Each structure stands twice: as C-alpha cells, then as structure tokens.
Amino acid sequence: MDGLTVLRRLAVAALILAAPLLVGCGGAGHASGSTTAAPPPSGGYLAAADLERQLGNAFRTGLYRLAVMSQKTEDAMDLGQRLPTGVLHAVSCDAHGPRPSGGDPWTWACQVSWRNVEGRSERTTYTVNLRRGLCFAAGATPSRGVRYDATIRTYSADPLDALGTVRRGC
C-alpha cells in the first residue's frame, strides 16, 4: 500500500470518528434521562432553575475556552487535548423585578462561584437579560477585560465575559 492510500484511509477513519461530534452539536433535545421536552414556562421566559443550569453550562464552556487560550504558546496549536479548566461551584440568580409584559427583556442578576485552575475561589457577577423564546444574554459586571490568547498570539476578550444561549433562534 502506498503512502497516499494510507493517508486517505486515515482521513476517512478520522471523519467517521468525528461525525457524531459534528452532527451532535445543536442544543435542543439533549436533556439527560428525558425523552420529552418540558413545556416552556408561562410567558416564554426561562424559569430561574433553567436559567441557572444554562448559565452554568455556558460558564463551563467558557472555562474550557479560557484554558485553551491560557496554554503555553508552544502547546497552543495542539487543540483537543485535556486541559485543566477550573471547577464551577454554584450558580444563583434573582430577578430585578416582576416579569415584564409585552415581551420586553427581563433583567436578572446572577452570581457564579468557582475555583480557578490554581484552586483559588472566585466569584463572577453577571447582569442577565432574559428574552421571550427561552433566550438569555449575560455580561460580567464588571467586565473581565481582555486576556492574552496563545492560540492566536494576541489579546482577545475573556471568554467568561459574555455568555448566552446557544439554542437556534436566540
């Protein structure tokens, strides 16, 4: 077998192995242990428990992005390896007022407590806007600023600074 044939077979095998990851991205219908979706909360806004869960998931994704950015420059091109990310401890959210009428954004405040890679306890506060359609957008207050990103060798926004719903249509 020549080298080109071996490379082609390896490429096909890699695509077959990666297909579930590529197709599995999305968001809806991935609740653990449940085959039916819960009805949306009245008024079309996320319930507090759902907001806390989704914000926590978005925060964990941000922790991984932060770990990727923070690698030593010589390791930064090897994406896909396991990285220490820090650990989410708790998320708690409170509404700033009653549910608005007419579909206006509903403002909440959320606290995320976590341990960084060095094991230090940290807390990040978010101002969150809920929108009808079970969507949210959260911004760290105060902003976490910029960080050096070793993967692109320049500065970039902190991935924990802005979090949001990953569902289509938000």
Of the peptides 141-152, 122-133, 92-103, how do they stack up when ordered by the mean number of other Cβ atoms within 10 Å, highest first?
122-133, 141-152, 92-103
Env charge @ V146, Cβ radius under 15 Å, K,R +1 / D,E -1, value +1
If I histogram all Cα-Cα distances within the stretch 66-170 using bins 10 Å wide from 0, what percent of pairs lands in each bin?
14, 35, 33, 15, 4, 0
³J(HN,Hα), Karplus 6.51/-1.76/1.60, whole Hz, each residue of the stretch 143-151, x for Gly, Pro:
4, 7, x, 10, 9, 6, 10, 5, 6
Once phi is turned into θ = phi - 60°, what whole-Hz ³J(HN,Hα) does the Karplus curve with 6.51, -1.76 and 1.60 give for every residue of the stretch 107-118, x standing for Gly and Pro?
8, 10, 10, 10, 10, 10, 10, 7, 10, 6, 4, 7
Residue-by-residue Karplus 3J(HN,Hα) for the stretch 134-140, coefficients 6.51, -1.76, 1.60, Hz, glycine and proline x:
6, 10, 9, 9, 10, x, 5
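Each value in this text was obtained by applying a stated rule to the coordinates, not by laboratory testing. Please read all numbers here as calculations on a predicted model, not as lab measurements. Backbone-built Cβ (ideal geometry, glycine too); neighbour counts: all protein chains shown.
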